[in-house]
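I have placed the structure first, in the form of structure tokens, so that the comments after it can refer back to it.
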Amino acid sequence: MLGQRSRILKNYENPEKRGNIKLPLIAINRTGYTRNAERLNNLNNEVKYEMTSCYRNLELMTPVPIDISYDVVVMAKYPSDIDKIASNFMVFFNNDIFVSCEHPKYKGVKMNNQVVMGDSVSEEHQDEIDGSTDDIVTATFTFTFKTFLFSGTTKAKLKIAKAAEVSTYTSSFLSNIILDIPAD
């Protein structure tokens, strides 16, 4: 489910909505994002390639690197259920993984965005509960999705160029990708 853990647990406690939610349950909550200045490069790209001092191509603005934070909460009746769920995805996060998606600016170009899992997992299990309260164990995993925010609204098309021979003596170089950025 998408949403905050407290809202999902309140729905679980509500007798009218209780049948809609079954344990074990995974809740995903986006907690915010930060600008990551360490990954910033080509700071003034739009100034470097401007046509005149009055005309600046905003499509060439440097993308802003951001880190989006997520909390993934696993709720279950037994701690062993949380261990089984965690063993299905934690083994793949040997420090990080990469998610591929289409580049928002260039058609046919793939971006690889890094997903980093936090090193610690917090677990909550109430010690003293009364007879009317459900006994639920929760474990919270934190993830950081590293991506970019791009300016502009147009999408450049991928142009396949013919193979160009650079040198016949030592080797030949074949290029098949040329990106065309329109100067609107």
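The values are calculated or read from the model by the stated rules, or taken from the named source; none is laboratory data. Since the structure is predicted, the reported quantities are computational estimates derived from the model, not experimental observations. A quick note on method: Cβ atoms are made from the backbone with ideal geometry, for glycine too, and the neighbour counts reach across all protein chains shown.
Given the residues LYS146, LYS110, LYS105, which is the only one that is modelled with pLDDT of 90 or more and out of contact with any helix residue (DSSP H, G or I) (no Cβ under 7 Å at 6 or more places or on another chain)? Result: LYS146 is the single residue among LYS146, LYS110, LYS105 that is modelled with pLDDT of 90 or more and out of contact with any helix residue (DSSP H, G or I) (no Cβ under 7 Å at 6 or more places or on another chain).
From the set of residues in segment 113-143 that are of a type in the set (A, V, I, L, M, F, W, C) and either at pLDDT below 75 or closer than 29 Å to ASN36 by Cβ (or both), which is surrounded by the fewest Cβ atoms within 10 Å (Cβ to Cβ)? Filtering segment 113-143 for residues that are of a type in the set (A, V, I, L, M, F, W, C) and either at pLDDT below 75 or closer than 29 Å to ASN36 by Cβ (or both), the one surrounded by the fewest Cβ atoms within 10 Å (Cβ to Cβ) comes out as ILE129.
Here's the yes/no breakdown for (1) touching a Pro at 6+ places or on another chain (Cβ under 7 Å); (2) modelled with pLDDT under 70:
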position: PRO15; (1), (2): no, yes
position: LEU23; (1), (2): no, no
position: ASN41; (1), (2): no, no
position: ILE66; (1), (2): no, no
position: MET75; (1), (2): yes, no
position: ILE85; (1), (2): yes, no
position: PHE93; (1), (2): no, no
